[in-house]
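Working notes, structure below.
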Amino acid sequence: MIELRLTRTQRYVGIGDKDDYLVVSDGRVIGRIFLHPQAREATPWYWTITDMSCEQSASNKGYAATRTQAMMDFRARYVGSTN
């Protein structure tokens with residue numbers, strides 16, 4: 001199973017706020033999840049896969065109602081595109 005963890009963007013690169021996270025796997029940044037200031041109220045969390053070894057697709061990003069859901073959506077898409 002691929003291990004994914006969130007780390008605050010600010011801690012990792014020195015910028016970002018409390019609702020801005022990088023997705024890290026095996027010490028590599030593979031994406032980002034953050035509370036998007038211009039998103040719809042129902043789905044404010046934006047996720048995107050930035051790993052260039054992942055199959056590139058318009059489906060490598062999306063919006064979710066919660067950070068937890070954003071991580072679940074990210075994981076489902078990332079794992080499905082790296083097989």
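The values are calculated or read from the model by the stated rules, or taken from the named source; none is laboratory data. Model, not experiment: these values are computed from the prediction. Glycine also receives a Cβ, built like all others from the backbone with ideal geometry; neighbour counts cover every protein chain displayed.
Residue-wise test of (1) under 17 Å from residue 77 (Cβ atoms); (2) touching a Phe, Trp or Tyr at 6+ places or on another chain (Cβ under 9 Å).
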site: 16; (1), (2): no, yes
site: 27; (1), (2): no, no
site: 40; (1), (2): no, yes
site: 46; (1), (2): yes, yes
site: 56; (1), (2): yes, no
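Cβ separations smaller than 6 Å between residues 6+ apart or across chains give the following pairs from region 24-46 residues that are among the β-branched types (Val, Ile, Thr) to residues that are surrounded by fewer than 18 Cβ atoms within 10 Å (Cβ to Cβ) and in a strand (DSSP E or B): 24/5; 24/7; 43/63. As for region 55-72, it holds no residue that is modelled with pLDDT under 95, buried (at least 18 other Cβ atoms within 10 Å of the Cβ) and among the hydroxyl-bearing types (Ser, Thr, Tyr).
Screening residue 51 against (1) part of a loop (DSSP other than H, G, I, E, B); (2) surrounded by 16 or more Cβ atoms within 10 Å (Cβ to Cβ); (3) without any contact (Cβ under 8 Å) to a residue 24 or more places away in the chain; (4) of a type in the set (D, E, K, R) leaves a single unmet condition, (3).
Condition check for residue 80 on (1) loosely packed, with under 11 Cβ neighbours inside 10 Å; (2) in a helix (DSSP H, G or I); (3) among the small types (Gly, Ala, Ser): one failure, at (1).
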